[in-house]
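Below you'll find the structure, written out as structure tokens, and then a few comments.
The values are calculated or read from the model by the stated rules, or taken from the named source; none is laboratory data. All of these numbers come straight from a predicted model, not from anything done at the bench. Neighbour counts run over all protein chains shown; Cβ positions are idealised from the backbone, glycine included.
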């Protein structure tokens with residue numbers, strides 16, 4: 001099932017869901033993955049180790065170091081993996097308000113990890129982007 005590629009349609013239908021809780025990025029050194037890692041929401045293998053995004057309480061329970069505490073927002077429109085401009089438009093809307101954002105692309109949706117203390121501001125910025133695209 002392919003997703004939408006037309007940027008104007010993507011922006012007009014932009015809707016964002018916010019997951020409950022807080023999420024953090026942690027990095028595990030190279031080596032065998034611990035069993036609890038199965039609870040990670042996302043992982044990326046890098047030269048320096050395994051980066052993982054997991055609920056803050058899981059990171060705390062395993063004494064993992066982290067700096068950035070985030071809210072997880074999901075753009076619910078099904079964008080195609082080869083769609084052009086959605087990430088840039090969303091990033092600009094957040095950057096214009098000084099909101100830090102990290103993006104993870106899934107097969108069906110894009111996911112935004114924004115500073116937890118800016119959750120409401122991020123949701124407002126993205127709602128404004130959608131409103132501006134319908135006029």
Query - Qualifying positions in region 26-61 - more than 19 Å from residue 103 (Cβ to Cβ) and assigned to a loop (DSSP other than H, G, I, E, B) - result: 29, 30, 31, 32, 33, 34, 47, 48
Requested in this report: Kindly list, by first and then second residue, each pair from a residue in region 107-135 that is part of a helix (DSSP H, G or I) to a residue that is at pLDDT below 90, limited to pairs with Cβ atoms under 6 Å and residues at least 6 apart or on different chains.
Outcome: 130/14; 133/11; 133/12; 134/12
Query raised in the report: Does residue 80 satisfy being touching a strand residue (DSSP E or B) at 6+ places or on another chain (Cβ under 9 Å) and without any contact (Cβ under 8 Å) to a residue 40 or more places away in the chain?
Result: no
**Report entry** Meets criteria (within 15 Å of the chain's Cα centre (by Cα), farther than 24 Å from residue 54 by Cα, surrounded by fewer than 16 Cβ atoms within 10 Å (Cβ to Cβ) and modelled with pLDDT under 95) for residue 105
**Finding:** no
Query raised in the report: Is it true that residue 94 is closer than 16 Å to residue 21 by Cβ and modelled with pLDDT of 95 or more?
Result: no
Report task. Report, by residue number, each residue of region 8-19 that is touching a strand residue (DSSP E or B) at 6+ places or on another chain (Cβ under 9 Å) and either assigned to a loop (DSSP other than H, G, I, E, B) or surrounded by 14 or more Cβ atoms within 10 Å (Cβ to Cβ) (or both). Result -> 10, 13, 14, 15, 16, 18, 19
Report task. Would you point out which residue out of 77, 44, 69, 84 is farther than 16 Å from residue 121 by Cα and modelled with pLDDT of 90 or more? Result -> 44
